[in-house]
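Note sheet for the following structure.
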Amino acid sequence: MGKIKKALITGITGQDGSYLSEFLLKKNYQVYGLVRRVALEDESHRLWRIKHILKKIKLNSASLESYASIVKIIQKIKPDEIYHLGAQSYVAYSFEDEFSTLNTNINGTHYILSAIKDFSPKSKFYFAGSSEMFGKVQKNKQDEKTRFYPRSAYGISKVAGFELTRNYREAYKIFACTGILFNHESPRRGFEFVTRKISSSVAKIKLGKQKTLQLGNIYAKRDWGHAKDYVEAMWLMLQQKKPEDFVIGTGKMHSVKDFAKLAFSIVGLNYKKYIRFNKNLLRPSEVDTLKANYNKAKKNLKWKPKTNFTQLVKEMVKEDLNFFK
Ligand code: NAP
Ligand code: F7E
């Protein structure tokens, strides 16, 4: 039997962190997680996505805002692979607090890369890039060569993380790559994101626990895939001979309105009766459309999405009906 590989995941308590942990455990990795101190103090609330695997993983408390705390962990574990998923990930919030979004997302990424360079240069590094880097899109379908045009502090922080990752790869020969992932959702998505806001509201309306659903720009279009499919692509990127960046998406685009229409129809309701427009939910600068060209991943990683839009919406609504019953 070969040596057991060690993977360190930042953001392990989040949607992607939980699916990636399950995926790596199945591959027989020893999984380590970097979590905030408060998460360990409030397990029942903050560790809900990973509570079923808590006995199989090892959690370490650290802060993405503290270089010293990150160094300690990386120096101690010397992971074979580091998946840096921890971030202030809610775009709308990044307009309310640009400062903390930029601090956490840019410095956190920089601290990890710098700690790898000085204390564990053989660790392979995955950076969670985002289609928000394309923002005001410069091409109908976006690929690895499309010019970035971020429209929020969140998008800017991800462009900075992407450039830091590239520079550590080129300057210090670190195996570092960025996955430019388009929106991916699941029943574990945070309730503030539009897909889960819709699926949870549909369930509550069907069960008589809520009357209406307030939304902002329902004409925004996104390329929505399933988080479970996307974490496999993260792993595949770190198994390649050389570090490269990859776009991951489905190549299909739907509007927020399409999502709501389908979600309501699944429980036999007409969305038009329940949706209310709330102008406070509009963003100062919006990303209108996003659609991936993931040909490079298809060719080099042999990756493609397994879940289509209808399957995704059905799964989310079904799970939320069970959840709120
Ligand atoms: P998520 O559910 O919001 O999880 C974010 C994780 O980051 C949580 O574990 C959170 O910990 C942690 N975190 C946030 N601020 C932190 C801080 N200051 N210090 C330490 N940890 C902190 O996000 P996700 O959907 O799984 O996404 C994972 C990564 O991919 C993120 O970097 C996101 O920006 C990026 N991304 C996501 C998508 C998508 O569609 N889901 C697409 C492209 C890129 P707590 O539990 O303690 O809050
Ligand atoms: O918004 C519109 C909103 O917050 C999607 C993150 O994972 O994906 C995510 O970012 C769209 C936007 O996700 C509401 O204006 C309308 O156009 O679900 P969202 P996001 O901003 O696309 C990217 C790839 C990431 O990297 C991020 O981390 O929906 N919208 N009405 C609404 N959005 C929300 N949240 N709430 C509404 O009521």
Check: If one takes the longest principal axis of the Cα atoms in the chain, at what angle in degrees, from 0 to 90 and to the nearest 10, does the Cα axis of helix 309-324 lie?
Finding: 80
Item checked: log10 of Debye I(q)/I(0), alpha-carbon scatterers only, for the chain at 0.14 Å⁻¹ -> -1.13
Notebook entry, point to check: Along the charge dipole of segment 1-151, which of 62, 12, 25 sits closest to the positive end, that is, farthest toward it, with unit charges on the beta carbon of Lys, Arg, Asp and Glu (+1, +1, -1, -1)?
Noted result: 25
Item checked: Spherically averaged projected area in nm², based on the convex hull that wraps the Cα atoms of segment 12-128 -> 7.2
Next item on the list: Could you state the angle between the C-alpha long axis of helix 67-77 and the longest principal axis of the C-alpha atoms of the chain, as a value from 0 to 90 degrees rounded to the nearest 10?
Entry: 70
Check: Tell me, what is the per residue accessible area of the chain in Å², probe radius 1.4 Å?
Finding: 48
Check: Amide H to amide H, which residues 5 or more places from residue 214 or on other chains are under 5 Å from it, using H placed in the peptide plane?
Finding: 276
Note to self: Using the Karplus curve 6.51 cos²θ - 1.76 cosθ + 1.60 with θ = phi - 60°, what ³J(HN,Hα) values do you get for each residue of segment 196-202, in whole Hz, with x for Gly and Pro?
What the structure shows: 6, 4, 5, 5, 6, 5, 4
Notebook entry, point to check: Using a 1.4 Å probe on the protein chains only, how many percent of the accessible area of the chain belongs to carbon and sulfur?
Noted result: 50
Check: Can you give the percent of C-alpha pairs in segment 139-281 whose distance is more than 19 Å?
Finding: 62
Next item on the list: Please list the non-local residues whose amide H lies under 5 Å from the amide H of residue 181, H modeled 1.01 Å from N, same-chain partners needing a gap of 5 or more.
Entry: 129, 130, 131, 248
Item checked: Under-5 Å amide H pairs with residue 245, H placed in peptide plane, nonlocal only -> 178
Next item on the list: Could you check what % of the DSSP bridge pairs in the chain are antiparallel, to the nearest 5?
Entry: 5
Notebook entry, point to check: Extension gain residue 285-residue 255, at 0.36 nm per residue separation less the Cα-Cα distance, in nm?
Noted result: 9.1 nm
Note to self: Of the candidates 65, 43, 315, which one comes out as most mobile in a Gaussian network treatment of the chain with C-alpha springs shorter than 10 Å?
What the structure shows: 43
Checklist line | Whole-number percent relative contact order across the chain, with pairs defined as alpha carbons under 8 Å at least 6 apart | finding: 17
Next item on the list: Any of 26/78; 122/306; 26/221; 51/291; 26/261 with alpha carbons more than 25 Å apart? Name them for me.
Entry: 122/306; 26/221; 51/291; 26/261
Next item on the list: Specify the angular offset, from 0 to 90 degrees and rounded to the nearest 10, of the alpha carbon long axis of helix 108-119 from the longest principal axis of the alpha carbons in the chain.
Entry: 20
Checklist line | Hydrodynamic radius (Kirkwood) for segment 228-275, which is based on Cα pairs only, to one decimal in Å | finding: 13.9
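The values are calculated or read from the model by the stated rules, or taken from the named source; none is laboratory data. Keep in mind that what you see is a predicted model, and the values were worked out from it rather than measured. In this analysis, Cβ positions are derived from the backbone assuming ideal geometry, glycine residues included, and neighbour counts consider all displayed protein chains. The accessibility values were calculated without ligands, DNA or RNA, using every heavy atom of the protein model including side chains. Shrake-Rupley method; radii C 1.70, N 1.55, O 1.52, S 1.80 Å.
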